[in-house]
Amino acid sequence: METIRAKTGALAAETPFTSEEKTVSDIFKSILEESRSIEPWLVATRRELHRIPEPGNEERETSAAIGAILDQLEISHVNIGTGVVGLLDGPQPGKCVALRADMDALPIEEPAGRPYTSLHHGYMHACGHDAHMTVALGVAKLLTSRRADVRGSVKFLFQPAEESTGGAKPMIEAGCLENPHVDYVLGLHVAPELASGKAAFRSGPFYGASDNLEIIVRGLSAHGAHPEQGIDAIYISAQIIQALQSVVSRSISPLDSAVITIGKIQGGTRNNIIASEVVLTGTIRTLSEDVRAFLRSRITELCARTAEALGGSCETRIQASYPVLSNHALQTTIVREIAERILGSDNVRDNEKPTLGVEDFAYFLRERPGTFWHLGCGKGGESAITPLHSSGFDIDESCLAYGVAVQTASALSLLKAGTYENLRFALSQRILFM
Ligand SMILES: [Zn+2]
Ligand SMILES: [Zn+2]
């Protein structure tokens with residue numbers, strides 16, 4: 001039997017974990033049982049939200065639905081734009097953990113026939129944000145009946161516009177991480193490639209940084225039969241596109257990750273006119289701020305010199321978008337260990353591969369320590385994986401209770417430990433301080 005008292009040993013008297021008599025596995029089991037007991041409520045909530053998908057910064061019905069549920073749970077809340085910030089205070093003062101759930105949907109038409117098919121023509125929760133909101137609301141529901149266990153407070157950050165403009169940033173600027181001051185942030189994303197009941201974690205860089213690239217190539221127009229009288233911006237653009245391929249393959253270490261994609265070319269007016277201007281637009285993805293900074297300067301220099309060598313000119317505009325999402329080691333280890341206790345160690349993957357996709361939870365992790373993890377939502381077995389951002393996407397709704405259990409236990413554990421020193425100590429002893 002793994003009791004906290006047995007594990008803490010001589011140091012126990014100086015830690016906040018000494019009064020607990022229950023075994024760690026008993027506590028986690030009871031949290032999972034409680035999560036499962038509210039499964040019908042979770043499913044109904046998810047379906048209610050799934051039916052009303054809205055694009056970024058227009059999540060008005062979603063915002064109202066969340067507000068109504070928080071009212072039912074007697075959790076105070078305020079709005080920041082279409083975002084909602086709920087606050088649950090425990091009876092004793094302490095730290096504050098924030099759980100973030102993104103709210104927006106995608107411009108995808110959902111196929112008819114599901115009992116919870118979107119009522120908003122042309123929009124669908126095809127990235128699982130309905131599940132993320134449901135998990136956060138489920139944690140809120142569970143904690144209202146466990147308020148006495150909350151040492152400090154839990155903040156619920158329902159955030160707009162993850163898919164488009166990065167709604168996390170304006171929410172932070174509006175002060176969502178203050179009053180009370182948030183100490184840790186937790187977030188998750190459903191993962192269809194993992195079966196429900198499984199989870200995946202990664203410490204360090206997990207999602208890429210994104211920069212929007214625009215290259216304006218200028219030449220000189222002339223008759224198509226007399227190229228020597230002009231400067232061909234299309235030819236220069238072709239050389240620039242070729243040259244850009246050398247940046248990732250020749251200018252950065254093979255052990256670093258980066259992508260430069262030109263996704264759009266616009267230029268020229270007619271088949272027999274030398275084009276005077278071409279605009280290339282694309283995206284730059286990186287997994288470290290150093291590589292990001294290097295690519296910005298290398299691309300600008302390479303484009304300018306290539307254009308110059310061919311007699312033209314070039315203006316490169318690089319606009320920063322989402323930063324690298326980098327998980328903090330301590331919080332990642334804690335939540336992973338909790339997931340192992342709740343889901344079983346066979347169901348938890350560590351060192352999940354990073355992706356050059358982006359996720360604006362990165363902004364929260366730049367401000368506060370925390371972790372972002374993947375909650376399996378696939379149907380498992382022989383079922384085909386229906387990818388995120390596709391009209392076929394759907395979740396196995398049993399994943400909701402697992403998400404609620406892991407997030408609830410993680411929030412309670414982080415609050416219970418109080419200080420970083422205690423967290424480190426608890427981890428070193430492999431106790432989970434509930
Ligand atoms: Zn998405
Ligand atoms: Zn998403």
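Can you compute the charge dipole magnitude of the chain about its Cα centre, using +1 on each Lys and Arg Cβ and -1 on each Asp and Glu Cβ, nothing else charged? Give it in debye, rounded to the nearest 20.
Details: 40 positive and 52 negative charges, 146 e Å.
Roughly 700 debye, rounded to the nearest 20.
Eigenvalues of the alpha-carbon gyration tensor of region 209-320, scaled by 5 and square-rooted, set the equivalent ellipsoid semi-axes at 29, 13, 10 angstrom, largest first. For the chain, the solvent-accessible area with a 1.4 angstrom probe is 42 square angstrom per residue. Based on C-alpha pairs under 8 angstrom that are at least 6 apart in sequence, the chain has a relative contact order of 23 percent. Residues considered: I273, I234, I215. Largest GNM mean-square fluctuation over the chain, using C-alpha springs under 10 Å, is found at I273. Based on C-alpha pairs under 8 angstrom that are at least 6 apart in sequence, region 209-320 has a relative contact order of 43 percent. Multiplying the residue separation of Q319 and E301 by 0.36 nm and subtracting their alpha-carbon distance yields 4.9 nm. Spacing of the modelled spin labels on E178 and D256, each 7 Å from Cα toward Cβ, amounts to 3.5 nm.
Pairwise alpha-carbon distances in region 102-146 exceed 18 Å for 40% of all pairs. With the simple spin-label model, which puts each label point 7 Å out from Cα in the Cβ direction, the E367 to T281 separation comes to 2.9 nm. Translational diffusion coefficient of region 145-189 at 20 °C, 1.002 mPa s, Stokes-Einstein with Kirkwood Rh over Cα pairs, in µm²/s as a whole number. The estimated diffusion coefficient comes to 175 µm²/s.
With the convex hull drawn around the C-alpha atoms of the chain, the volume per residue stands at 161 Å³. When the chain is treated as a GNM with alpha-carbon contacts under 10 Å, the residue of G94, G187, G392 showing the greatest mean-square fluctuation is G392.
Projected onto their three principal axes, the Cα atoms of region 290-434 cover extents of 68, 45, 21 Å, largest first.
In terms of accessible area, using a 1.4 Å probe and ignoring ligands and nucleic acids, D71, D130, D396 rank largest first as D71, D396, D130.
Overall dimensions of region 77-227, expressed as equivalent-ellipsoid semi-axes from the Cα gyration tensor (√(5λ), whole Å, largest first), are 39, 22, 16.
The values are calculated or read from the model by the stated rules, or taken from the named source; none is laboratory data. Note that the coordinates shown come from a computational prediction; the quantities given were computed from them, not determined experimentally. With ideal geometry, Cβ positions are generated from the backbone for all residues, glycine too; neighbour counts draw on all protein chains shown. Each accessible area value is taken on the protein alone, full model and side chains, heavy atoms only, with ligands, DNA and RNA left out. Shrake-Rupley method; radii C 1.70, N 1.55, O 1.52, S 1.80 Å.
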